[in-house]
Amino acid sequence: MSKRTKTAISDRDLEKMAEKVTDSPGLLPYAHQSGSAIIRPEDKGKITGRAVAAMHSQTEMQMGQLYAQMQLLADQAKAIQHRVAISERIYLADISFEPLINHTYYLYLRDDGTDFLSMVSPEEWGRKKPFVKFVAEIRLLADHTWEIIREDV
């Protein structure tokens, strides 16, 4: 028969053992059993660096989209300004008829520096042309501005 020896466990030993036991092992920052998954501390600098790089990439893409939209709006504003300038030039030109909406007309420059509007295209004039320069082929829109179909730039 073997003799059993009793070991005395002191209160201090119990406290040390209690430090190694937890009611919620899933919240420990380390593996609590020998078969647990390996938990390695993360390099917070790498994580932050990747997050910042991703944030910059995303915001640069969004800024690029905004710049493209701004460029489109700027181009549209320039086109409208050009239409207004042509419309003003047409309304200051000599017009011997009443222009009708959605009809095509032609703006010419005379040798005396004045403009005139005609229903005759540059290709339909004979040898004697009453103009020095063809300015634009235009169409009257419903808002009484003029759409430029083609222009002699």
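The condition of being charged (D, E, K, R), assigned to a strand (DSSP E or B) and either over 28 Å from the mean Cα position of the chain (by Cα) or surrounded by 11 or more Cβ atoms within 10 Å (Cβ to Cβ) (or both) holds for only one of 147, 88, 98, 123, that being 147.
The combined condition, being in contact with a Leu (Cβ under 6 Å, 6 or more places away or on another chain) and either among the β-branched types (Val, Ile, Thr) or at pLDDT below 90 (or both), is not fulfilled by residue 80.
If you check residue 59 against the conditions, is it β-branched (Val, Ile, Thr), surrounded by 10 or more Cβ atoms within 10 Å (Cβ to Cβ) and either modelled with pLDDT under 90 or over 42 Å from the mean Cα position of the chain (by Cα) (or both)?
Considered against the rule, which asks whether it is β-branched (Val, Ile, Thr), surrounded by 10 or more Cβ atoms within 10 Å (Cβ to Cβ) and either modelled with pLDDT under 90 or over 42 Å from the mean Cα position of the chain (by Cα) (or both), residue 59 comes out as no.
Residues in the stretch 130-141 that are touching a residue at least 40 places away in the same chain (Cβ under 8 Å) and under 14 Å from residue 98 (Cα atoms): 140, 141. No other residue among 118, 87 is under 15 Å from residue 134 (Cβ atoms) and small (Gly, Ala, Ser) apart from 118. Remark: pairs (first residue in the stretch 47-64, hydrophobic (A, V, I, L, M, F, W, C); second residue not in a helix (DSSP H, G or I); Cβ separation under 6 Å; 6+ apart in sequence or on different chains) are absent. Scoring residue 142 on the criteria (1) surrounded by 10 or more Cβ atoms within 10 Å (Cβ to Cβ); (2) among the small types (Gly, Ala, Ser); (3) part of a loop (DSSP other than H, G, I, E, B) leaves a single failure, condition (1). Hey, does the stretch 52-67 have a residue that's in a loop (DSSP other than H, G, I, E, B) and over 25 Å from residue 152 (Cβ atoms)? There is no residue in the stretch 52-67 that is in a loop (DSSP other than H, G, I, E, B) and over 25 Å from residue 152 (Cβ atoms).
Residues of the stretch 93-120 being aromatic (Phe, Trp, Tyr) and either more than 19 Å from residue 152 (Cα to Cα) or in contact (Cβ under 8 Å) with a residue 60 or more places away in the chain (or both), which ones? Matches in the stretch 93-120: 97 only.
The values are calculated or read from the model by the stated rules, or taken from the named source; none is laboratory data. On a predicted model such as this, the values are computed, not experimentally measured, just so you know. For neighbour counting, all protein chains shown are included, and Cβ atoms are generated from backbone atoms with ideal geometry for every residue, glycine included.
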